Amino acid sequence: MSEVLVNQDYSLVVRDLEKYVTLFEEQFPLEDFAKGEFKQHPAVTLLTCSDARMPVTVFGPIFNRIFSVENIGNQVKTSAGSVLYGLLHLHTPVMIVAGHTDCGAINSANSNFVDEPMAIRNELSIVKNSLEDILYKTGFVPDEDSGLKFSQLAELNVDMQVEYLLAHRAVANLVEKKHLIILGIMEDLHNVHGNGHAKLYTVNVNGEVDPEVIKSYSNLGFIADRARRLTQVK
């Protein structure tokens, strides 16, 4: 059997993977895994953008702690089954919807993407529909001139995903009974707020979008303290 021809670019990447695979094997938390009968017991269901600049590790250790669902534009409807599995079968008490500045999916959904492969068009259409839904619901007009437009839209997109989740009766029941909290988060990778790169901000808690109200949720600690938005909507 002939060898796979490996060019220099991905040969380096493959060798780099070996380092991280080996590290995972060496640091594997076997004792903790055994205590949980080798089953998964995540505390967080995370819906985040698959953008490489928005890693799951923003929220800490992943193994058996975060049930991660990633897609372009952090869309509930793209991965509804996976999200609901985390909430209704794994019973995580926390649901995080995480967006970020300069989201490629948000930008692309506002462009003409008809020449993309059908699979990409399908996912971008879901992003586009989410944005149309939230703009219609709020009446918000993005700032075209300041460079904030796509960051504002990414923030509103997080709001819409929280709305979609709360529209599911079983999920809403969990929230009403205080078995679940839904957090809408924005990662400011590009220092849009002016407080430094990669700062995390809370934009939505169970559908509440007023930062002053969120800041009054003292039991949420830094999540409440980080309440801040680029868009003012009701």
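General remarks:
- In region 211-232, the residues that are surrounded by 15 or more Cβ atoms within 10 Å (Cβ to Cβ) and in a loop (DSSP other than H, G, I, E, B): 217, 226, 228, 229, 230, 231
- Failed criterion for residue 156 (all others in (1) under 24 Å from residue 102 (Cα atoms); (2) outside any helix (DSSP H, G or I) hold): (2)
- Residue check for residue 70: crowded, with 16+ Cβ neighbours inside 10 Å, of a type in the set (Asp, Glu), modelled with pLDDT of 95 or more and not in a strand (DSSP E or B): no
- Only one of the numbered conditions (1) surrounded by 11 or more Cβ atoms within 10 Å (Cβ to Cβ); (2) farther than 19 Å from residue 180 by Cα; (3) out of contact with any Leu (no Cβ under 6 Å at 6 or more places or on another chain) is not met by residue 82, and that is (2).
- Any hit, region 77-91, residues being under 13 Å from residue 157 (Cα atoms), assigned to a helix (DSSP H, G or I) and modelled with pLDDT of 95 or more: yes
- Pick from region 92-146, criterion in contact with a strand residue (DSSP E or B) (Cβ under 6 Å, 6 or more places away or on another chain) and not in a loop (DSSP other than H, G, I, E, B), ranking: surrounded by the fewest Cβ atoms within 10 Å (Cβ to Cβ): 94
- The set of residues in region 211-228 that are out of contact with any helix residue (DSSP H, G or I) (no Cβ under 6 Å at 6 or more places or on another chain), of a type in the set (A, V, I, L, M, F, W, C) and closer than 20 Å to residue 93 by Cβ comprises 220, 222, 223.
- When restricted to residues that are touching a strand residue (DSSP E or B) at 6+ places or on another chain (Cβ under 7 Å), part of a loop (DSSP other than H, G, I, E, B) and buried (at least 17 other Cβ atoms within 10 Å of the Cβ), region 175-195 contains 2.
- So residue 71, is it farther than 23 Å from residue 126 by Cβ and of a type outside the set (D, E, K, R): no
- Index of the failed condition, residue 102 passing every other in (1) modelled with pLDDT under 95; (2) at negative phi: (2)
- Among the candidates 198, 154, 172, 167, the residue that is surrounded by fewer than 17 Cβ atoms within 10 Å (Cβ to Cβ) and closer than 19 Å to residue 56 by Cα is uniquely 198.
The values are calculated or read from the model by the stated rules, or taken from the named source; none is laboratory data. Predicted model, so just to flag it, every value in this text is computed and none were measured. Note that we place each Cβ from the backbone using ideal geometry, even for glycine, and neighbour counts take in every protein chain shown.
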